[in-house]
């Protein structure tokens, strides 16, 4: 399969990564699992066993005219425990490696079919200047993009930080949510090779 690079040169890419059919249900499942795994799930409350105090019976069983009570930490009492206390939980969903890789390939293939993959030789900045990055993206006709590079570039990351619809990721850290969250994908040649080696 061939894709057009920014300089007008045609680039040969792997059919196994950029030429597979789009599987909407698989992509939906993987994206949902990825977002669920990011949830903290740290809510917690104390039940009657976790609340301090309440060791002794507050008053005798009979003769007081009140309802019998064995502890002041009952959910019926003020400062008592919660009846059905929330506990910390994990929202993680199991997605095996084959499904994850298949979803990434499906997303990359769909982006390439829609003409939203842009390949550049390099995307280096001499200084962390947002305007310099904005000018390079404007030369590609883009104002929104996920930039994927081979290795972390501090200048590029700092320059993209002030652009609300631009983000930078490495080929080893790219994820399905980022891929579908931006209208266009900008790949450097080394990042393209790394992606093909990772998902082929």
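Values in this text are rule-based calculations from the coordinates and carry no lab data. Fair warning: this is a prediction, and the values are worked out from it, not measured in the lab.
Express the relative contact order of the chain as a whole percentage, based on alpha carbon pairs under 8 Å and six or more residues apart in sequence.
Relative contact order comes out at 24 percent.
Specify whether the C-alpha gyration tensor of segment 89-200 places it in the rounded, prolate or oblate class, a ≥ b ≥ c being the square roots of the eigenvalues: rounded for a/c under 1.5, otherwise prolate if a/b is larger than b/c and oblate if not.
Note, shape of segment 89-200 comes out prolate.
As I understand it, the value is the acute angle between the Cα axis of helix 97-113 and the longest principal axis of the Cα atoms of the chain; what does it come to in degrees, rounded to 10?
Helix 97-113 and the main axis of the chain meet at about 50 degrees.
Which of rounded, prolate or oblate describes segment 44-87 when judged by the alpha-carbon gyration tensor and an a/c cut-off of 1.5?
prolate
Can you tell which of 133, 179, 76 shows the greatest fluctuation in a Gaussian network model of the chain with Cα springs below 10 Å?
Comparing 133, 179, 76 in the GNM, the peak value goes to 76.
How much of the DSSP beta bridge set in segment 88-200 is antiparallel, as a percent to the nearest 5?
Antiparallel: roughly 0 percent of the beta bridges in segment 88-200.
For the chain, give the share of DSSP beta bridges that are antiparallel, in percent and rounded to the nearest 5; count only bridges with both residues there.
Percent antiparallel among DSSP bridges in the chain is about 20.
Based on alpha-carbon centroids, what's the gap between segment 90-116 and segment 1-72 in Å, whole number please?
For segment 90-116 versus segment 1-72, the Cα centre distance is 20 Å.
Could you give the angle, 0 to 90 degrees to the nearest 10, between helix 130-139's Cα long axis and the longest principal axis of the Cα atoms of the chain?
Its long axis makes an angle of about 50 degrees.
How would you classify segment 4-148 from its alpha-carbon gyration tensor, with a ≥ b ≥ c the square roots of the eigenvalues: rounded for a/c under 1.5, else prolate if a/b is greater than b/c, otherwise oblate?
It is prolate, given that a/c is not under 1.5 and a/b is the larger ratio.
Nearest 10 degrees is fine. How inclined is helix 189-199 to the longest principal axis of the chain, computing both from alpha carbons?
On a 0 to 90 degree scale, this one is about 50.
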